[in-house]
Amino acid sequence: MRILVVNPNTTASMTEKIGVAARAAVSPGTEVVAVNPSMGPVSIEGYYDEAFALPGLLEEIARGEREGFDAHVIACFDDTGLDAARALARGPVLGICEAGLHLASMLGGRCAIVTTLSRSVPALEGLARRYGMAERTHVTAAEVPVLALEDPSSGAEAKVRETIRRAIATHGADTVLLGCAGMADLARRLADDVGLPVIDGVSAAARLAESLVALGLRTSKVGGYASPLAKPYLGMLAPFAPSGDDHKEAAR
């Protein structure tokens with residue numbers, strides 16, 4: 001089994017960290033390949049960055065499909081481009097927010113999502129509503145820029161830890177979900193510190209993707225995730241125009 005993990009930003013050090021977390025979560029014999037686009041923002045912090053991350057992300061998903069990966073994980077907590085990627089891919093495509101929230105719902109009654117900056121809170125609250133978890137989820141920010149997570153001297157981990165403790169005390173959280181793929185390496189240490197389940201969405205999504213493939217399940221191609229229809233795209237987006245070949249292959 002082969003799982004492609006795509007970090008939608010272009011920071012290679014974060015991609016390496018994400019790959020380590022995903023590989024640690026899957027079974028022996030499952031191959032995990034972690035990649036990032038060559039174009040796009042170095043970090044995704046808000047709606048504007050997210051929009052410009054989509055072409056590079058979808059390019060990587062399309063390449064993964066051509067190379068025969070069985071499933072894909074989008075390693076950005078905004079679940080960047082998740083619906084478009086599911087339309088493009090035949091195998092399962094998992095977002096780390098959706099995967100993490102489903103696991104949290106099985107482990108406790110009230111989940112605190114601890115993300116990076118306040119500007120990300122509205123988007124994550126929207127995802128919690130979409131996934132049916134809004135009533136049992138509180139989203140809070142540690143006010144840590146994403147790239148600070150790549151710098152051990154930044155004090156980012158301490159800020160995340162303090163934010164978790166505040167969410168437990170103030171909002172009654174009994175599970176914690178780390179709201180950024182760049183926090184993937186912190187989950188175990190933080191769980192030991194706070195004494196609650198601390199979930200890394202990268203690990204959750206990788207393991208769930210593996211399970212879906214093992215069960216022989218694929219993304220439905222009826223309805224909203226039907227493969228894109230062939231049509232021209234103009235200008236610099238011309239290379240992204242659907243050919244219709246994916247549509248025919250998915251129908252088999």
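Derivation of every value follows stated rules applied to the coordinates shown; laboratory data play no part. If you're wondering where the values come from, they're calculated on a predicted model, not measured in any experiment. Ideal geometry is used to build each Cβ from the backbone, glycine not excepted, and the neighbour counts take in all protein chains shown.
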Handout entry: log10 of Debye I(q)/I(0), alpha-carbon scatterers only, for the chain at 0.11, 0.14, 0.16 Å⁻¹
Key = -0.55, -0.89, -1.15
Fill in the blank from the handout: For region 97-201, whose charge dipole is built from +1 on Lys and Arg Cβ atoms and -1 on Asp and Glu Cβ atoms, the candidate among ALA142, THR170, ALA181 with its Cα farthest towards the positive end is THR170
Exercise for the section: Note down the magnitude of the dipole of the chain about its Cα centre, charges +1 on Lys and Arg C-beta and -1 on Asp and Glu C-beta and zero elsewhere, to the nearest 20 debye. Expected result: 580 debye
Fill in the blank from the handout: ARG166 and SER220 label points (each 7 Å along its Cα→Cβ direction) are spaced in nm at 4.1 nm
Completion exercise
Protection proxy (average C-beta count within 10 Å per residue), highest first, orders 133-146, 25-38, 180-193 as 180-193, 133-146, 25-38
Handout entry: Rg(Cα) / (2.2 N^0.38 Å) computed for region 97-201, rounded to two decimals
Key = 0.95
Exercise for the section: Using R₀ = 30 Å, calculate the FRET efficiency as 1/(1 + (r/R₀)^6) where r is the Cβ-Cβ separation of ARG66 and ARG130; round to 0.05. Expected result: 0.50
Problem - ASP83-GLU31 pseudo-label distance in nm [points 7 Å out on the Cα-to-Cβ vector] - result: 3.3 nm
Exercise for the section: Evaluate the relative contact order of region 19-75 (contact order divided by residue number), counting alpha-carbon pairs under 8 angstrom at least 6 apart; express in whole percent. Expected result: 25 percent
Practice task
Using Cα pairs closer than 8 Å and at least 6 residues apart in sequence, work out the relative contact order for region 97-201, in percent.
Solution key: 35 percent
Problem - Whole-number percent relative contact order across the chain, with pairs defined as alpha carbons under 8 Å at least 6 apart - result: 22 percent
Practice task
Please give the residues of region 26-50, grouped as numeric ranges, whose backbone N is less than 19 Å from a label point set 7 Å along the Cα-to-Cβ vector of ARG119.
Solution key: 40-50
Fill in the blank from the handout: In terms of the charge dipole of region 28-108, which places +1 on Lys and Arg and -1 on Asp and Glu at the beta carbon, the residue among GLY29, ALA75, GLY46 farthest towards the positive end is GLY29
